[in-house]
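Report on the following structure.
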Amino acid sequence: MLLAITIFSLVIGVIFSSFRLRSSAWEKGERDLERYQEIRAVTDLLYREIRSCFPYTLTPGELDKHVKFYAFFGEPHALKFVSSANLYNTLHGLSYLEFWVKDGSGLMAGEDLALGEDLAERALRDKDRAVVVGPAVKQIQFRYFDQKKKDEKGEWVQSWDARTKVDRELRLPRAVEVSLTFDMGNGRVFNQEIIIPIGLDTIATMYNYGI
């Protein structure tokens, strides 16, 4: 009898251990699936908005109206630009956007209408304009492909100062490289890199807006 009880207890222990392992694996798989869905949503959002970058021209001041530059300000860990695609179709017209990562919150996006000559100094990180678009994003990094002419080689740069691209140098980067680090839980991370071409639809976009 004691032998039978011992064997039965061992069998029950093995069954419950197997069930617990399968349950844990199932929960981990569900969490990973949610993370991969978020990764896809975030990369699709970034691709759509940056791909729709619009060559919005700014004039810095009354005394310098002959000097113009595009509203595109790229830093290693933040990007601010004008897009013809709204984040959530809540605005009517061109959008002024900024993407950055906030510690404890994830990937943030700030949005406002692209109106006025103060875009270069306008803040988009206040509570009225900023929203969380990727809670699992731990880090974001940008690089910008600078190519003055199509027949030139070009180079990747860490930042893009629009104020230095004026007169005959007036241009947008040919492409933007976005490197993302996602928190997958339990100390695991997932790195995603995408290269987004911009400027290829500039003529069509300007035509649609009557420019």
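The values are calculated or read from the model by the stated rules, or taken from the named source; none is laboratory data. Computed from a predicted structure; not experimentally measured. Cβ atoms come from the backbone with ideal geometry, glycine included; neighbour counts cover every protein chain shown. Surface accessibility is based on the protein's heavy atoms, side chains included, excluding ligands, DNA and RNA. Shrake-Rupley method; radii C 1.70, N 1.55, O 1.52, S 1.80 Å.
Identify all residues within the stretch 134-186 that are small (Gly, Ala, Ser) and outside any helix (DSSP H, G or I); write none if there are none.
Quick first cut of the stretch 134-186, residues small (Gly, Ala, Ser) only: 134, 136, 154, 159, 162, 175, 179, 185.
Result: Gly134, Ala136, Gly154, Ser159, Ala175, Ser179, Gly185.
Before we move on, is Pro76 of a type outside the set (Ser, Thr, Tyr) and at pLDDT 80 or above?
Details: of a type outside the set (Ser, Thr, Tyr): yes; at pLDDT 80 or above: yes.
Yes.
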* Which of the residues spanning the stretch 164-178 are surrounded by fewer than 16 Cβ atoms within 10 Å (Cβ to Cβ) and modelled with pLDDT of 85 or more? -> Thr164, Leu170, Glu177
* Keeping to the stretch 144-163, report how many residues are modelled with pLDDT of 95 or more, open to solvent by 70 Å² or more (accessible area, probe 1.4 Å) and not polar (S, T, N, Q). => 1
* Filter the stretch 79-113 for residues that are of a type in the set (Val, Ile, Thr) and either within 25 Å of Arg143 (Cβ to Cβ) or surrounded by 21 or more Cβ atoms within 10 Å (Cβ to Cβ) (or both); which is modelled with the highest pLDDT? -> Val101
* Within the stretch 124-133, is even one residue open to solvent by less than 80 Å² (accessible area, probe 1.4 Å), within 16 Å of Pro76 (Cα to Cα) and part of a strand (DSSP E or B)? -> no
* Structure fact -> Among the residues of the stretch 52-73, the number that are surrounded by 18 or more Cβ atoms within 10 Å (Cβ to Cβ) and either at pLDDT 95 or above or part of a strand (DSSP E or B) (or both) is 6
